[in-house]
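Before any comments, here is the structure.
The values are calculated or read from the model by the stated rules, or taken from the named source; none is laboratory data. These figures come from a predicted structure and were not determined experimentally. Heads up, the Cβs are rebuilt from the backbone with ideal geometry, glycines too, and the neighbour counts pull from every protein chain shown. Surface accessibility is based on the protein's heavy atoms, side chains included, excluding ligands, DNA and RNA. Shrake-Rupley method; radii C 1.70, N 1.55, O 1.52, S 1.80 Å.
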Amino acid sequence: MKTIIYYFTGTGNTLAVARGIAEELGDVQLIPIRKSVHPEEGHDEADAIGIAFPVYFLNIPDIVRDFVENIRFYDDSYVFGIATCGEQPGGALFRLKELLEEKGNTLSAGFSFVMPENYIGPVDLMGDALHREKKFAAASERYPEIAAKVREQVVSVPEGTDSVLMKTGGRIMKTVMTSVYRTPCHLHTAKTCNRCGTCAQICPTGNITVSADKVSWGKDCVQCYACIHWCPKEAVDIGGRTKGKPRYHHPDVTLKDMLEKPDSIKEDYSKIR
Ligand SMILES: Cc1cc2nc3c(=O)[nH]c(=O)nc-3n(C[C@H](O)[C@H](O)[C@H](O)COP(=O)(O)O)c2cc1C
Ligand code: SF4
Ligand code: SF4
């Protein structure tokens, strides 16, 4: 059985979970979702297609939503979602189901995993090493069960909570963080920055430019926090509030893994809309 899992990840949690399930399944192609990247071939040949992403504000990230809106499914493959979150997936997998249904496709199942929190905000939610280890262990325990469900093409209701409270709460959180707290606008570097270029390479939207004397951010930020967590000098800061706070990425995911871009990916998907 051939499976393709498209994944979006800022700090590696989603990639680690996708890999864990892929190892149990065998014959899985893992394809990263980045801005303006669309697979031109391959997905029509898969028996199962996974869409894996981190939960942002109890919802699906905008970049993944755009990807799902643009992807073409040619056949009746079994489509499943994988959502990783820090504590609460809310209705993220239900939103994925709605998006697919709008295109005439179906989400057969959606699985959620609680992983370490990568949001550095007003409150520190990341937790200590023991807390993170417990989350990794609980996630790994589920890989065989999820792989078996995908293999047997089990149809189920997405995991999470699709309540009005979650929908409203997610919208409020997003508005506060983007319009009031203005996370993307306050990204800047500390003096320790040595212009290594890692942030520009890792940004999934190409929103960062590194020149000889400065690093600058454009307006196309999807708040993945990759530049903050992967900067080797911990020099990326949001308006002074991330200074001195611990950075995180999944221990089994390397910078090289993050920059993976398989040959099968073509840079322009506008053509096949
Ligand atoms: C902008 C943003 C919003 C987030 N919103 C939520 C949320 O609503 N609920 C939650 O449990 N975790 C939330 N998180 C935490 C991530 O979903 C979680 O850490 C995820 O596993 C990160 O995956 P990644 O390492 O693949 O990027 C948020 C993280 C970010 C950066
Ligand atoms: S990754 Fe960090 S040190 Fe490297 S250019 Fe970006 S901000 Fe500077
Ligand atoms: S600027 Fe930073 S937080 Fe925004 S999309 Fe790029 S890597 Fe992610």
**Item:** Whole-Å distance, taken between Cα centres, linking segment 199-243 and segment 55-81
**Value:** 25 Å
**Whole-Hz couplings from phi, Karplus 6.51/-1.76/1.60, listed for segment 159-175; x for Gly and Pro** = 7, x, 10, 9, 8, 4, 4, 5, 4, 5, x, x, 5, 5, 4, 5, 4
**Request:** Can you send over the solvent-accessible area of residue 23, 1.4 Å probe, protein chains only, in Å² to the nearest 10?
**Result:** 150 Å²
**Complete:** The alpha-carbon center of segment 84-116 and that of segment 155-187 are separated, in whole Å, by 13 Å
**Message:** Tell me which cysteines of the chain come out unpaired when the rule is another cysteine's Cβ under 4.7 Å.
**Reply:** 85, 185, 193, 196, 203, 221, 224, 231
**Prompt:** Who wins for biggest fluctuation among 100, 30, 165 in a Gaussian network model of the chain, springs between alpha carbons below 10 Å?
**Reply:** 165
**Asked** With every protein chain kept in the model, how would you rank 256, 191 by accessible area, 1.4 Å probe, largest at the top?
**Response** 191, 256
**Complete:** Residue span residue 182 to residue 73: 0.36 nm per residue of separation minus Cα-Cα distance leaves a gain in nm of 35.6 nm
**Item:** Shape metrics for the chain, restricted to C-alpha atoms - Rg then Dmax, Å
**Value:** 18.1, 55
**Asked** Peptides 45-55, 244-254: what's the order by average Cβ count within 10 Å, highest mean first?
**Response** 45-55, 244-254
**Over the chain: helical MRE at 222 nm, DSSP H runs n ≥ 4 each giving -39500 (n - 2.57), nearest 500** = -9000 deg cm²/dmol
**Exposure of residue 163 as accessible area (Å², to 10), given a probe of 1.4 Å and all protein chains** = 40 Å²
**Message:** Can you compute the modelled spin-label distance between residue 254 and residue 88, with each label point 7 Å from Cα toward Cβ, in nm?
**Reply:** 3.8 nm
**Area of residue 182 that stays accessible when all protein chains are in place (1.4 Å probe, Å², to 10)** = 100 Å²
**Complete:** When the charge dipole of the chain is computed with +1 on Lys and Arg Cβ and -1 on Asp and Glu Cβ about the Cα centre, the Cα farthest towards its positive end, among 143, 188, 60, belongs to 188
**Request:** Please figure out what share of the DSSP beta bridges in the chain is antiparallel and state it in percent, rounded to the nearest 5.
**Result:** 30 percent
